[in-house]
1. With every protein chain left in place, what is the accessible area per residue of the chain in square angstrom, probe 1.4 Å?
2. Among Leu153, Leu116, Leu73, which one moves the most in a GNM of the chain with springs linking Cα atoms closer than 10 Å?
3. About its Cα centre, what dipole magnitude does the chain give when the only charges are +1 on Lys and Arg Cβ and -1 on Asp and Glu Cβ, stated in debye to the nearest 20?
4. So what J values fall out for the range 56-73 if you push phi through Karplus, 6.51 cos²θ - 1.76 cosθ + 1.60 with θ = phi - 60°, rounded to Hz, Gly and Pro as x?
5. Would you pull out the residues with amide H under 5 Å of Ala185's amide H, same chain only if 5 or more places away, H placed 1.01 Å from N?
6. Of Gln97, Gln39, Gln132, which has the largest mean-square fluctuation in a 10 Å C-alpha GNM of the chain?
7. Roughly how far apart, in whole Å, are the Cα centres of the range 1-34 and the range 201-278?
8. With each run of n ≥ 4 DSSP H residues scored as -39500 (n - 2.57), what mean residue ellipticity at 222 nm is computed for the chain after dividing by its residue count and rounding to the nearest 500 deg cm²/dmol?
Amino acid sequence: MPTVIRVAHSPDSDDAFMFYALATGKIDTGGLEFRHELQDIETLNRRALAGELEVTAVSIHAYAYVADRYLLLPHGASMGEGYGPRLVAREALAPEQLHGRKVAVPGTLTSAYLALRLFQPELETVVVPFDQIMEQVAAGQADMGLLIHEGQLTYQDHGLHLIADLGEWWGERTGGLPLPLGGNAIRRDLGPELISRVSVILRESIAYGLENRRAALDHARSFGRGLTEAQTDEFVGMYVNPRTLDYGDDGRRAVRLFLEQGYEAGIIPHPVNVQFAD
């Protein structure tokens with residue numbers, strides 16, 4: 001019987017692009033059987049807490065709570081290069097008007113949430129499914145919304161105003177470091193040999209998509225939730241690019257700094273030992 005590796009990721013166009021080659025049999029898996037499980041990132045964060053999955057997408061914030069069970073793979077990262085989760089509202093608001101306002105967030109383990117708390121600690125937050133946040137803000141059920149995924153490109157279609165781009169804010173705060181949002185994590189108990197085999201295959205899937213961009217984009221478009229072809233292309237380009245093949249030294253530094261600042265701010269209750277698979 002082949003060894004089964006469950007690979008869990010979000011049902012979004014960028015993740016679909018990343019796993020296109022693996023999901024459609026374009027690369028040799030060396031006898032390993034990969035089973036894809038698609039769920040929203042906050043659900044995957046919660047499943048990672050229980051160590052359910054061999055390989056899973058996780059928010060970098062959530063990694064703080066699963067580092068004892070998982071290593072970060074050196075590829076598969078979603079990094080905001082001067083852009084990232086966007087804070088929006090029905091009307092333009094100045095920074096001094098944000099204190100105490102109610103913000104709809106996509107989950108308290110998301111990196112977007114950690115960045116928001118670092119940006120403005122004095123906010124009331126309420127967890128809302130990520131694909132319902134814009135509607136809640138537009139309907140007046142929250143003062144502001146924190147947008148991830150394709151909402152970063154489509155919020156103006158809902159009559160919403162950009163208050164802050166947290167990736168831009170983070171870059172200014174850190175002298176130009178990318179904002180680490182998500183990564184792929186692999187369970188430590190698979191052992192070094194299997195971890196290495198799986199890592200090579202998953203990197204090959206990302207590389208195949210980048211080398212066969214048109215075919216991978218065609219596959220990813222069905223996961224775009226209302227994005228046009230041009231928007232899908234833009235969104236995938238934001239979060240799947242050469243940086244996704246390897247964090248780079250500055251990317252790894254950004255991960256450690258992000259979690260360190262979360263700890264120093266009292267958001268994360270303990271220091272985090274960030275470790276990457278070879």
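1. 41
2. Taking springs between Cα atoms under 10 Å, the residue moving most is Leu153.
3. Rounded to the nearest 20 debye, it is 440 debye.
4. Result, ordered by residue: 8, 5, 9, 5, 4, 4, 5, 4, 4, 9, 10, 4, 6, 9, 10, 9, 7, 6 Hz.
5. Thr56, Ala57, Val58, Leu73
6. Comparing Gln97, Gln39, Gln132 in a Gaussian network model of the chain, the most mobile one is Gln97.
7. Cα centroid to Cα centroid, the span is 16 Å.
8. My calculation for the chain gives -11500 deg cm²/dmol from helical runs alone.
The values are calculated or read from the model by the stated rules, or taken from the named source; none is laboratory data. As the structure is a computational prediction, the values presented were derived from the model and not from experiment. Ideal geometry is used to build each Cβ from the backbone, glycine not excepted, and the neighbour counts take in all protein chains shown. Each accessible area value is taken on the protein alone, full model and side chains, heavy atoms only, with ligands, DNA and RNA left out. Shrake-Rupley method; radii C 1.70, N 1.55, O 1.52, S 1.80 Å.
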